[in-house]
Each structure stands twice: as structure tokens, then as C-alpha cells.
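Here is the structure we will look at.
The values are calculated or read from the model by the stated rules, or taken from the named source; none is laboratory data. These numbers come from a predicted model, not from an experiment. With ideal geometry, Cβ positions are generated from the backbone for all residues, glycine too; neighbour counts draw on all protein chains shown. We work out accessible area using only protein heavy atoms, side chains counted, and drop any ligands, DNA or RNA first. Shrake-Rupley method; radii C 1.70, N 1.55, O 1.52, S 1.80 Å.
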Amino acid sequence: MSLHDELVELAAGMDVPEGFRADAQGEVIIVSPQRPEHWRIISDIDFCIRLNAPNLRTTSDVKIPGTGEHDKAPDFGLFYKNAELHASKALAFVEVVSQSSRETDYVDKTRIYASAGVPEYLIVDPERAVWTLNTTPTADGYRTTLTKPIETPVEIAGVQVELGR
């Protein structure tokens, strides 16, 4: 395991104050506050899901078993209402990219979530004003990747979500 991979696992297991996140960037761990834009995007996705899919439940920054040695806490998780909180039962995970989490979200978590069998992994990148939807997981990554402008609605777990408001 590389030093960076070890740091990703260590960051995932850190107990950080509420409103903060820990991410591995290169060979360091950065602890930073979540930005208002980050929270707005997660809140908008949660609102769309709750409004349009009462049979689903959401999580935010909750560690999900089955996502690695220390279990990952995706920014947003989507499950059937009565499903076990485990990566193998997830419908989708969402990460909102910040400068400190770019490599982790695009590279590390893409690999981790695909190998855990998470059917859909949405990466929202407000700085680049795009979203990337990864589907069809394999042990090595996702077979299908679609990137669109953030203003384009995206469908996750069968629910259309608008991100670029």
C-alpha cells in the first residue's frame, strides 16, 4: 500500500470537529471546514430525493461499512428506506469536490466505491462547474463515466436532481 493510500485510510478514520472534513492530498492530510457551496449542493440533492422518492433514505457524512479498512463517509449516500447501511446495499454515493479533496474524490474514492459495488457514484465539481456520473462498477473502476455541465439535471437512483441553481 502506498503512503497516499495509507493517508486516505487514516483521514477517513479521523474524528474531526463538526463542520470539518479530513482529506488526503498527496502526502499530507488536510483538515478544512466545509464550504457553504458544498452544503448547498448536498442539501439540494437531499431535498430532491425526499420530495420525489419517499421509498429512499439519505445519509450525509456517515461512515458506511464495506467501503474500506476504516469505512468511508461519503458526502451523500442513497439507500432504500429499509436497507442496511452497507456499501453493498447503496444505490448511489455523491462527493462534492473541494480543492483539498480533488484527488481523493476523483481517483481514490472512484476506485474504492466501484470495488465495493456501489452502482452509481456522482462527483459534483463546483469549481469546474461539472458533474461526473460513474456507473457499472467493476473491481477496477467504473465502466461508464459521463460528465456534463453542472446546469444539466442528473438522474441518480432514478430521481432527477438539479445541481446548478
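At-a-glance table
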| read-out | value |
| --- | --- |
| Close pairs (7 angstrom Cβ cut-off, 6 or more residues apart or separate chains): without any contact (Cβ under 8 Å) to a residue 60 or more places away in the chain and among the acidic types (D, E) in region 61-85, assigned to a strand (DSSP E or B) and open to solvent by less than 30 Å² (accessible area, probe 1.4 Å) anywhere | D71/I64; D75/V94; D75/E95; D75/V96 |
| Residues of region 66-85 satisfying the condition of being open to solvent by less than 50 Å² (accessible area, probe 1.4 Å) and either under 11 Å from the mean Cα position of the chain (by Cα) or not small (G, A, S) (or both) | T67, D71, K72, A73, P74, D75, F76, G77, L78, F79 |
| Leading residue by the ranking (farthest from K109 (Cα to Cα)) among those in region 50-65 that are open to solvent by 50 Å² or more (accessible area, probe 1.4 Å) and among the hydrophobic types (A, V, I, L, M, F, W, C) | L51 |
